[in-house]
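The structure under discussion appears below in the form of structure tokens.
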Amino acid sequence: MISKDIVVKLNTGLQARPAYELVNIAQKYSSDVCIEICNRKINCKSIMGIMSLGLAPNSTVTVIVDGSDEKELLDELSRFLEDE
């Protein structure tokens with residue numbers, strides 16, 4: 001299991017379209033992945049869960065990944081979330 005604190009740099013935060021893109025990235029991998037913020041842990045493969053967070057730009061989240069392709073998944077999610 002690996003984790004990383006990430007500042008969400010997306011201009012719109014994690015609203016509908018970026019949330020959908022994040023879920024699509026997560027679903028390409030076999031590892032389990034979740035986002036944690038304010039003691040809430042949300043499965044990154046759940047569009048409703050991600051949208052329920054309502055993350056604004058510059059929010060800091062912890063991404064936790066566990067599985068055989070965890071490093072690749074964490075790297076791709078980091079690039080996506082930190083893209084301005």
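Coordinate-derived values only; no laboratory data. Just so you know, these numbers come straight off a predicted model, no measurement behind them. Counting neighbours? That spans all protein chains shown, and the Cβs are built from the backbone with ideal geometry, glycine included.
Rounded to the nearest 20, the size of the Cβ-charge dipole of the chain about its Cα centre is 300 debye, with Lys and Arg at +1 and Asp and Glu at -1.
Restricting the range 1-55 to trypsin sites (Lys or Arg not before Pro) that sit in a DSSP loop and have at most 15 other Cβ atoms within 10 Å of their own Cβ leaves Lys9, Lys28. Each distinct pair of alpha carbons in the range 2-81 adds a 1/r term; the inverse of their mean, the Kirkwood radius, is 12.1 Å. Residue ranges 52-58, 30-36 sort as 30-36, 52-58 when ordered by packing (mean number of other C-beta atoms within 10 Å per residue, highest first).
Pairs of Cα atoms under 8 Å, at least six residues apart: use those to get the relative contact order of the range 2-81, whole percent.
Computed value for the range 2-81: 47 percent relative contact order.
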